[in-house]
Amino acid sequence: MTIAWSQTVPYLVVLPLAGAALVPIVARRDARAAGGFTFVVTLVTAALAIALTVRLVVEGPLTAHVGGWVAPYGIELRFDRLGAWTAPLAVFFVLVVPFAWRYLEGTVPRDRWAAFYALMLLNLGGLIGFSLTADLFNLFLAMEVVSLSSYALVAVAGRGTAAWAALKYLLLGSVSSLLVLFAVALLFALTGSLNLPDVAARLAAAEPSPAATLALASLAVAFAVKAALFPLHVWLPDAHAIAPSPVSAVLSGLVVKIGIVGLVRVMELAASSGIALDLFGELLMVLGAVAIVMGAFLAIFQDDIKLMLAYSTISNIGYIVLGLGLGAPFAVAGALVHVVNHALIKVTLFLAAGSIIHQTGLRTLTDLRGVGRTLPQTCAAMTLGAIAIVGLPPTAGFISKWYIGLGAFSAGRVAYGFALVFGALFVFIYYVRMLNAFYFRTPTREEVAAAVEPPWSMRGPVLFLAAACVIVGLLGGFLLAFIMPAVGDLLPAIRS
Amino acid sequence: MRWLGLALVVVAAATLMLGVADLPPHGAHDAPVHTHVGARYLERGVAETGMRNLVTAVLLVYRGFDTFLEVVVIFSALVAVVALPRGRAARSRDGDDQPPAALLTREGPAQERISVSPVVAFVVQLLGPFIAVFALASLYRGHVSPGGGFQSAAIFGALFIALALVQGRERAARLVPRGARVWLQALGPLSFALIGGVGWVLTGAFLGYPAEAAAYALREAMVVAVEIGIAVGGAVILAQLFMAMEG
Amino acid sequence: MVLFGVDVDYLAFVVLFCVGLYMLVRKSNLLKKLLGLNVMETAVFAFLVTSGMIEGADPPIRTAGTGPLFANPIPHAMVLTGIVVAVSVTAVALALIVQIHAHYGTIEVDELKGLP
Amino acid sequence: MSQLFDALLLLLLIATAITVVRATDLVAAVVKFGLYSLMMCVLWQHRGAPDVAIAEAAVGAGVTSVLFLLTVARTTRVEKP
Amino acid sequence: MSALIVLQQALSVLLVLAGVVFLAGGTLGLVRLPDLYTRAHAASKCDSVGAGSILVGLLFYQGVAFDDLRLVLLAFLVLVSGPTTAHALARAGFRTGLPVGRARGSDDR
Amino acid sequence: MITLFWAAAVALLLMAFACLWRADVGPSIQDRILAVNVVGVKALVVLALLGIIRGHAFLIDVALVYGLLNFIITIAATRLIETGRFRSGASS
């Protein structure tokens, strides 16, 4: 019996989720075993994702019909060029989980490790499911798996303050989930179908109606909340700063991207159902530009390094949304590449910051003066990450921001191009401020002077990721070439 | 800030009205909802799945993957609640040591320890077996009448809560042995993954059920395994949620 | 029935949704906010179920004595799943509220805002 | 008759939701929310969705309400105005 | 045979009507009586009798060919749980010192 | 006959409004719970009536679950009021 590759796609979702169910069982004897088991599960998932990406390049998109029921009658999982985002996603988890092994000691009590690792796996499974599914209701459920595990992960280490940050996140997140459900209900009432391409086709066949536009709009608002787009970002800084660092890396680098993936899905839906969203594109551009500047501006005033990184996420989401809204091919491709690049850079930065905080017990720039002398390797990684996020040439951030800017200028939207440059300037200021504190000031706290480099299970992933920031930057063209064929399908929505 | 909230409500109401006004009126049998996917399920569902209750058929067979994610969601709720620090310990640490009774009753400090009314205890114990039988029936007859795995889980969960209320949590907790809990709580996702894998081997598609007439018994067994997984897993999760929240 | 150009049922769900939203936005008590969220959720579920019904149709259970018209089973399955999701989110939120009360001694947002 | 019943039921639902908003005693608010769920369950029975009605009665009214009550027991019972 | 059916139907109508009247009485009591204990008394008594007789009326309507015991179980449940609830409530009221008669300073007018 | 059942259901709903008024004004928490419970009993009867009107015995399952659950949450709420805390049990 030959097994079709396409039918292994559901396992990308099932492996981490079933693994999560097994984690408490594995952890019964020894809490450490949970970490190892989780690592193995993420490794297998990542291997499968990479294998499927290779198949994708060789033979085109893979489609799995769960249960063997074809498209509108069953749930369809699509592994296409956008869905291939799951491969880097899984790889980041492979790097974050070993980091967490030692990080958890001293931050999270032992009896809650199993829950922590289970939540990480649930998060991974949900993220993959969200990226792959072509079914509206399935999308909602995968989103709920991600959200629920994220709320808990925010609160897992702290006491009351973390719970309050998590609850704020939960309330806004639930409203956004509710909007998604409402939109699904509306689309179902209009078309009688839940399959995305089928819904689009049936919407295109029917006469245009305000209800369909309302559905798409509420989907867009809901995903804007999940992506923390500027006026809806209020939940993000607290939640991301207060979570344990491996969790911050996952939340800031990967979980906010479900909002972006969702927005891309809305654009696909709009493009193929013929609902013109010209106003939508304009709005995305304006909000993106404002987010770039405001996020970077607010980050300047933060003394807490994790809070600073959290605001930088708001700014970077602005870049991606601006790129999507511009609608020029280069800009959209740049935005999609920036989804991966920002994930890479932000995971690097948060893990490096986590190492610094873990080794010194301090988290503000004032306290951390001179830490570059005692933790040279970690701070070098942090520096590389900072250079990358500013967007200086040999690094990953450069390529994507360059193409977004190129798209802005080629579309004749010069003002947005300048907003982009302006934002980069602010970013430059706050990272210079950070580097200045790290390298050019003398330590004021003895914790900094006494700090030693973290153990290899933490240092390894950080150094690997920092190197990846440069390597991806040097070979940057391949991501763009990979994503370009998918861009064409998205354009009609915005270009009108 | 106050008027902003109210304005939000008004704007939401207006937008919703605008969108909803455009929908086809409900209840018409020729609306698009009733002529597309749902119509096919109604027409061929019984033949294709062998279930007379088509809601169960949709949940378990046509859209089984959704149900898989559903059990994962409730499992993650349990993990999330367990992952949080224990609240009661934190309270005493913060010096908030007032007896809760004094906080709670307006009428003044309540009595130290009030036992359950014997009437209530008797009635709950009287109804207990009925509830249990009813939950089992709901599971067993889920494919021909309303009910099914999750409803049964919820009824079992409610029964557990009632017993814990009148008999004390220690005695109720014995219904779910500590050693078995980690296995039972994971039963939902695991049974789906397992049966899904079996379906993958048999039919080539994850969560597929063999359609041949000869494989009828096998298909039944697979469905029953999933149902039991949902019911037992769900009930144990709800019971544990109750115990975790009770502190 | 149609009122103000809108189907009465849909009108009722919009009202319920807005009552829940009002509770979520204007009430300062976290538990009340959560109740508001649940009211909103239920309103959306009701909308879903109503959109899938047919006047005078039977439940989608094909046994002797039912038919020939049946309600659409898909919204029912979706709402069943949605109810489970709602209870999961509520459980997590309640656990968080207990944490917040243990730490701050209050669950009023107005008071929480002033605290560190 | 069916239409009148329907309209009354919807009115009752809205009235119940409003009493939930008005309650300042959180135990009362939770119990009324349970009633709201139960009313919704009647609506679903009327709409031909007994499966959903059972789930709502068991989960929405039963389990959710009890969890809410547990939280009230561990926090405060009176909502500050 | 037809006489039996007529009797059965008449009994059913009678019981349903009686049930509605009892329930109305219970509601009236709940609304008008002065304190918890009297209200609980009126409401629970009329509710069990009212709900019980409607359910028995439905049982008559369904006829002997009824294939399962759902309605019987339901009537049993109502008869058992109604008084228990009233008892638990009154006990809770007593335990927390709720006054008998019209409470002074209450907002009940 | 069916019309009579409908009329009974409508009458019960009208009574429910009166009970809801009691639930809103109180004055004590027990009054509110009692009123809610009475509405619950009425709704249970309405559920059974709907099942008979539709002519499907399986619809009465809903009323059964409803009755059990209404009972349990009332007991839970009274327990909470009685003891101030929820922890209970003859044994502990």
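None of the figures in this text is laboratory data; all of them are computed from the coordinates on show. None of these values were measured; they are calculated from a predicted model. Because the Cβ atoms are built from the backbone with ideal geometry, glycine has one as well, and the counts that use them run over all protein chains shown.
Given R₀ = 22 Å, what would the calculated FRET efficiency be for B:ALA221 paired with B:VAL201, taking r from the Cβ atoms and rounding to 0.05?
0.90
Show that you can apply the helix-only estimate: for chain C, add -39,500 (n - 2.57) for every DSSP H stretch of four or more residues, divide by all residues, and state [θ] at 222 nm to the nearest 500. Before the final figure, lay out each step's value.
On the way: 4 runs with 79 residues, N = 116.
It lands at -23500 deg cm²/dmol.
Could you give the Stokes-Einstein D for the range C:2-112 in µm² per second, using the C-alpha Kirkwood radius, 25 °C, 0.890 mPa s?
Translational D for this selection: 151 µm²/s.
I'd like the distance between the alpha-carbon centres of the range C:56-99 and the range A:369-403, rounded to an integer number of Å.
The two parts, judged by their Cα centres, are 50 Å apart.
Using only the alpha-carbon atoms of the range A:195-275 as identical scatterers, what base-10 log of I(q)/I(0) does the Debye formula give at q = 0.24, 0.26 Å⁻¹?
-1.04, -1.15
Grab the DSSP H runs of chain D that are 4 residues or longer, score each as -39,500 (n - 2.57), total them, divide by all residues and round the 222 nm result to the nearest 500 deg cm²/dmol.
On the way: 4 runs with 59 residues, N = 81.
The per-residue figure over chain D is -24000 deg cm²/dmol.
Tell me what chain A gives for mean residue ellipticity at 222 nm when only DSSP H runs of n ≥ 4 count, each as -39,500 (n - 2.57), the sum divided by the residue total, rounded to 500 deg cm²/dmol.
So the helix-based figure for chain A works out to -25500 deg cm²/dmol.
Would you mind ranking F:CYS19, D:CYS41 by Cβ crowding within 10 Å, fewest neighbours first?
F:CYS19, D:CYS41
Can you give me the pair-distance distribution of the range A:135-494, C-alpha pairs, 10 Å bins, whole percents?
For the range A:135-494, the pair-distance distribution reads 6, 25, 32, 24, 10, 3, 1, 0.
What Rg and what Dmax come out for the range C:11-58 when only alpha-carbon atoms are used, in angstroms?
13.0, 43
Out of D:VAL52, D:SER2, D:VAL66, whose Cα points farthest toward the positive end of the dipole of the range D:2-74 (charges: +1 Lys, Arg; -1 Asp, Glu; placed on Cβ)?
Checked the options; the winner is D:VAL66.
List the residues, sorted by chain then number, that are 5 or more residues from A:ASP304 or on another chain and whose placed amide H is less than 5 Å from its amide H.
HN-HN under 5 Å from A:ASP304: A:LEU365.
May I ask for the percentage of alpha-carbon pairs in the range E:2-95 that lie more than 24 Å from each other?
So the portion of pairs separated by more than 24 Å is 31 percent.
Over 18 Å, how big is the tail of the calculated P(r) for the range A:329-386, in percent of all Cα pairs?
Percent of Cα pairs beyond 18 Å in the range A:329-386: 42.
Tabulate in residue order the Karplus-calculated ³J(HN,Hα) for the range C:65-77, using 6.51 cos²θ - 1.76 cosθ + 1.60 with θ = phi - 60°, rounded to whole Hz; enter x for Gly and Pro.
Using θ = phi - 60°, the values come out as x, 9, x, x, 8, 10, 6, 6, x, 5, x, 5, 4 Hz.
Return the whole-Å distance between the Cα centroid of the range A:123-157 and the Cα centroid of the range F:19-36.
Centre-to-centre (Cα) distance: 41 Å.
How large is log10 of I(q)/I(0) for chain B at q = 0.10, 0.15 Å⁻¹ when the intensity is taken from the Debye formula with one equal scatterer per alpha-carbon?
So the normalised log intensities are -0.74, -1.11.
Averaged across E:72-84, how many Cβ atoms of other chains sit within 10 Å of each residue's Cβ atom?
Values: counts 0, 7, 11, 1, 4, 11, 7, 0, 7, 14, 5, 2, 12.
The shielding value for this peptide is 6.
Hey, can you grab everything whose amide H is under 5 Å from the amide H of B:SER115? Only 5+ residues off in sequence or another chain; H modelled, so Pro and N-termini drop out.
Those lying under 5 Å, H to H, from B:SER115: there are none.
With only alpha-carbon atoms in the gyration tensor, what are the semi-axes of the equivalent ellipsoid for the range F:2-83, in Å, largest first?
Each semi-axis is the square root of five times an eigenvalue, giving 27, 17, 4 Å.
Under a no-solvent Debye model with one identical scatterer per Cα of the range A:405-478, what's log10 I(q)/I(0) at q = 0.18, 0.19, 0.21, 0.24 Å⁻¹?
Results for the range A:405-478 at q = 0.18, 0.19, 0.21, 0.24 Å⁻¹ read -1.02, -1.05, -1.09, -1.11.
Check C:ASN29: other-chain or 5+ apart residues with amide H under 5 Å from its amide H, H built from backbone geometry?
Those lying under 5 Å, H to H, from C:ASN29 are C:VAL109.
For the range A:304-431, divide the Cα radius of gyration by the Kirkwood radius and give the resulting Rg/Rh value with two decimals.
1.03
Among A:ALA183, A:LEU52, A:ALA424, whose Cα sits farthest toward the positive end of the charge dipole of the protein assembly as shown (+1 at Cβ of Lys/Arg, -1 at Cβ of Asp/Glu, about the Cα centre)?
Of the candidates, A:ALA424 comes out farthest on the positive side.
At most 10 other Cβ atoms within 10 Å and a DSSP loop assignment: could you name the trypsin sites (Lys or Arg not before Pro) in the range A:1-97 that fit?
A:ARG29
Let's test the formula: R0 of 41 Å, r as the Cβ-Cβ distance of B:ALA211 and B:ARG178. What FRET efficiency results, to the nearest 0.05?
Between B:ALA211 and B:ARG178 the formula returns 0.45.
What is the pair-distance distribution P(r) of the range E:6-48, computed from all Cα-Cα distances in 5 Å bins starting at 0, with each bin given as a whole percent?
Once binned at 5 Å, the Cα pair distances of the range E:6-48 give 6, 27, 21, 16, 11, 9, 7, 4, 1.
For the range A:241-252, what does the Karplus curve 6.51 cos²θ - 1.76 cosθ + 1.60, with θ = phi - 60°, yield as ³J(HN,Hα) per residue in whole Hz, taken in order and with x for Gly and Pro?
Values, residue by residue: 7, 8, 5, x, 4, x, 5, 4, 4, 5, 5, 6 Hz.
For the range A:235-293, what number results from the quotient of the Cα radius of gyration and 2.2 N^0.38 Å?
So the range A:235-293 has a normalised radius of gyration of 1.44.
Roughly how many whole Å is it from the C-alpha centroid of the range D:1-44 to that of the range A:42-77?
First find each Cα centre; the distance between them is then 45 Å.
Which chymotrypsin sites (Phe, Trp or Tyr not before Pro) in the range A:391-496 pass both tests, a DSSP loop state and at most 14 other beta-carbon atoms within 10 Å?
Values: sites: A:PHE398, A:TRP402, A:TYR403, A:PHE409, A:TYR416, A:PHE418, A:PHE422, A:PHE426, A:PHE428, A:TYR430, A:TYR431, A:PHE438, A:TYR439, A:PHE440, A:TRP456, A:PHE464, A:PHE478, A:PHE482; in loops: A:PHE440.
Filter output for the range A:391-496: A:PHE440.
What number results when the radius of gyration of the range A:141-292, computed over Cα atoms, is divided by 2.2 N^0.38 Å?
The range A:141-292 yields a ratio of 1.12.
To make sure I understand, if each residue's beta carbon is the centre and we count other beta carbons within 10 Å, what order do B:ARG40, F:ARG22, B:ARG178 fall in, fewest to most? Kindly include the intermediate steps, with their values, before the conclusion.
Numbers: B:ARG40 14, F:ARG22 24, B:ARG178 8.
In increasing order of surrounding Cβ atoms, one gets B:ARG178, B:ARG40, F:ARG22.
Please get the size of the charge dipole for the protein assembly as shown, origin at its Cα centre, with Cβ charges of +1 on Lys and Arg and -1 on Asp and Glu, quoted in debye to the nearest 20.
In total the dipole reaches around 2520 debye.
Take the Cα pairs of chain D, get the Kirkwood Rh, then feed it into Stokes-Einstein at 20 °C and 1.002 mPa s and tell me D in µm²/s. Can you show the working numbers first?
Values: Rh = 13.4 Å.
D = 160 µm²/s.
Sort B:GLU170, C:GLU108, B:GLU70 by Cβ crowding within 10 Å, fewest neighbours at the top.
With the fewest neighbours first, B:GLU170, C:GLU108, B:GLU70 line up as B:GLU170, C:GLU108, B:GLU70.
Take every residue in peptide B:133-145, count the Cβ atoms of other chains within 10 Å of its Cβ, and give the average of those counts.
Mean partner shielding for this stretch: 3.
Evaluate the distance, in nm, between pseudo-label points positioned 7 Å from the Cα of F:MET1 and of A:ARG110 along their respective Cα→Cβ axes.
Here the answer is 7.0 nm between the modelled labels.
Charges only on Cβ, +1 for Lys and Arg, -1 for Asp and Glu: so what's the dipole of the range A:365-496 about the Cα centre, in debye to the nearest 20?
260
Could you point to the residue in A:ALA335, A:GLY361, A:TYR403 farthest towards the positive end of the range A:135-494's charge dipole, with +1 and -1 charges on the Cβ of Lys/Arg and Asp/Glu respectively?
A:GLY361
Whole-Hz Karplus ³J(HN,Hα) for the range A:74-91, in order, using 6.51 cos²θ - 1.76 cosθ + 1.60 and θ = phi - 60°, x for Gly and Pro?
Values, residue by residue: x, 8, 10, 10, 10, 9, 10, 5, 6, x, 5, 4, 5, 5, x, 3, 5, 5 Hz.
Rank C:LEU31, C:LEU69, C:LEU16 by mean-square fluctuation in a GNM of chain C with C-alpha springs under 10 angstrom and give only the top-ranked residue.
Largest GNM mean-square fluctuation: C:LEU69.
What is the projected area of the convex hull of the Cα atoms of the protein assembly as shown, averaged over all directions, in nm²?
Spelled out: convex hull of the Cα atoms, projected over all directions, averaged, 42.4 nm².
In units of 2.2 N^0.38 Å, what is the alpha-carbon radius of gyration of the range A:1-134?
In units of the 2.2 N^0.38 Å rule of thumb, it is 1.13.
Rounding to the nearest 20 debye, state how big the charge dipole of chain B is about its Cα centre with +1 on each Lys and Arg Cβ and -1 on each Asp and Glu Cβ.
Dipole magnitude for chain B comes out near 580 debye.
For the residue pair B:GLU170 and D:SER2, what label-to-label distance in nm results when each label sits 7 Å from Cα along the Cα-to-beta-carbon direction?
5.7
Using a Gaussian network model on chain B with a 10 Å cutoff between Cα atoms, which of B:PHE130, B:PHE192, B:PHE160 fluctuates the most?
Among B:PHE130, B:PHE192, B:PHE160, the largest mean-square fluctuation in the Gaussian network model of chain B belongs to B:PHE130.
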